[in-house]
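Novice: Mind looking over this structure? Questions follow.
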Amino acid sequence: MKKGLKFVVRVRSSGEFEPIENWLAEHCKGQYQFEFDGVHETDTPVGQLDIAFYFEIRAEAEAFRDHIKAYLKQKSLATD
């Protein structure tokens, strides 16, 4: 656990990361940090990144969790 960042949201994603970074910058007042945990291999040439996002404020972690679920679902529907 990161010092002072008690709340974690784990994400598995492939593709563009900039929209996620932009959302964090716009919506988080408290401290946050992310780190890459590894790569999950898929049956496609591009794997998925395992990313852990750490937050100081529970409400911001929960808002991010809700946002990222919707974002990944929308992204998945767009590629189907």
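The values are calculated or read from the model by the stated rules, or taken from the named source; none is laboratory data. Keep in mind the model is a prediction, meaning the values are calculated, not measured. As a convention, Cβ positions derive from the backbone with ideal geometry for all residues, glycine included, and neighbour counts pool all protein chains shown. For the accessible areas, the whole protein counts, side chains as well, though only heavy atoms, and no ligand, DNA or RNA atoms are used. Shrake-Rupley method; radii C 1.70, N 1.55, O 1.52, S 1.80 Å.
Novice: Residues of the range 15-40 being at pLDDT below 90, open to solvent by 60 Å² or more (accessible area, probe 1.4 Å) and assigned to a strand (DSSP E or B), which ones?
Specialist: Within the range 15-40, Phe36, Asp37, Val39, His40 qualify.
Novice: In the range 1-14, how many residues are open to solvent by less than 70 Å² (accessible area, probe 1.4 Å), farther than 12 Å from Phe64 by Cβ and of a type outside the set (D, E, K, R)?
Specialist: Selection size over the range 1-14: 4.
Novice: Need the failing condition index for Phe53 against (1) at pLDDT 90 or above; (2) surrounded by fewer than 16 Cβ atoms within 10 Å (Cβ to Cβ), just the number.
Specialist: (2)
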